[in-house]
1. Given a Förster distance of 35 Å, report the FRET efficiency between residue 290 and residue 44 from their Cβ-Cβ distance, rounded to the nearest 0.05.
2. From the Cα gyration tensor of the stretch 1-113, with a ≥ b ≥ c the square roots of its eigenvalues, which class applies: rounded if a/c is under 1.5, or else prolate if a/b is larger than b/c, or else oblate?
3. Residues of the stretch 93-107 with backbone nitrogen within less than 20 Å of a virtual label 7 Å along the Cα-to-Cβ line of residue 10, please, listed as ranges.
4. For the stretch 7-378, what relative contact order do you get, as a whole percent, if you take Cα pairs closer than 8 Å and at least 6 residues apart?
5. On full extension of the chain, what length is gained from residue 36 through residue 190, given 0.36 nm per residue of separation minus the C-alpha to C-alpha distance?
6. Within 10 Å, count the other beta carbons around each residue, average over each peptide in 370-380, 57-67, and list them highest first.
7. Ranked highest first by the average count of other Cβ atoms within 10 Å around their residues, in what order do 37-46, 158-167 fall?
8. Can you tell me the alpha carbon radius of gyration of the chain divided by the globular rule-of-thumb value 2.2 N^0.38 Å?
């Protein structure tokens, strides 16, 4: 199909605009001083060009994955309905934000199917430098002892959630190695992966580390590479040796009251099991041992159950299962294997943290919404000409 010159220029301009916005989404939390600036940048650089592309480019309107869109709509609709029986009306803004982000990802993938994944890889590579910088800044420049839990630069100032982000970006770099220039596939790639791993180890966040081990141990399921078996075996062996020789360091803090929080949340869910309390509804989970209450279950799925009930959980799990199936069906490609890894990591990591999907753009988006965005983008990657001939990734 031929396009007029103005249409071609518009497409090129919107593609570059969206690519910059996607990079803003991925790297902004490493670099920006305030969440307000981060969110304003997303509006200008990602959501706005996405809307323009939807309105002006027919290819964008043809590039939606129908099943994913249906399940996403059902989940969002139930979230909106929950406001009528006890939710927080302001949360409709979060639903709008997520819709804009999904549309922007679809628009970028429709206009240039491979560019979205190239931006993801480039940001993962740059993020590894920032992971190293965070380690040097925290322990070197600020002079904190090595037994302190590391805190990242920028907006990633919550240790556990920062580890979620580092895990996602590190896995993207690990599994997209085959798309790197050949000269970067050796020690540069290894150092980048080690930077992310080093941050996660120094964060001493057990949930993300467990998610990483599980993901690497299971990577042979979706990867045909012989290295997947080696990486998985090394991950399990390293975890076992760490627990055996360094139990106090790795298991410090025990289960951090997660079982008690789940028990309290379960009792609360039983009060309104089908519809929940409503999205954004405030609830408290008291822990008698420390005389403190928590405002969420530190388990994304239990939190959804409390606020949106069984129906909300079913819609959410159906959406996540479809995302995983889309990834699995494309596991012969680098993007497909990458999304398989991110799905596995996210599912396990969100068992011990996460305040729900309907929040403003923040750290949780990397484990909650980034896999969904990438699954929508996979719909445009079905052409055999997209995948490069050389594929040395896991």
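1. Calculated transfer efficiency: 0.20.
2. Taking the square roots of the gyration eigenvalues as a ≥ b ≥ c, the stretch 1-113 is oblate.
3. Within reach of a label on residue 10: 103-107.
4. For the stretch 7-378, the relative contact order is 22 percent.
5. Between residue 36 and residue 190, full extension yields 52.0 nm more.
6. Descending packing order for the listed peptides: 370-380, 57-67.
7. 158-167, 37-46
8. Cα Rg divided by the expected 2.2 N^0.38 Å: 0.98.
Every read-out reported here was derived from the displayed coordinates using simple, explicitly stated rules and does not represent laboratory data. Just so we're clear, the structure is a prediction, and the values are computed from it rather than from any experiment. Every residue, glycine among them, receives a Cβ derived from its backbone with ideal geometry; neighbour counts consider all protein chains shown.
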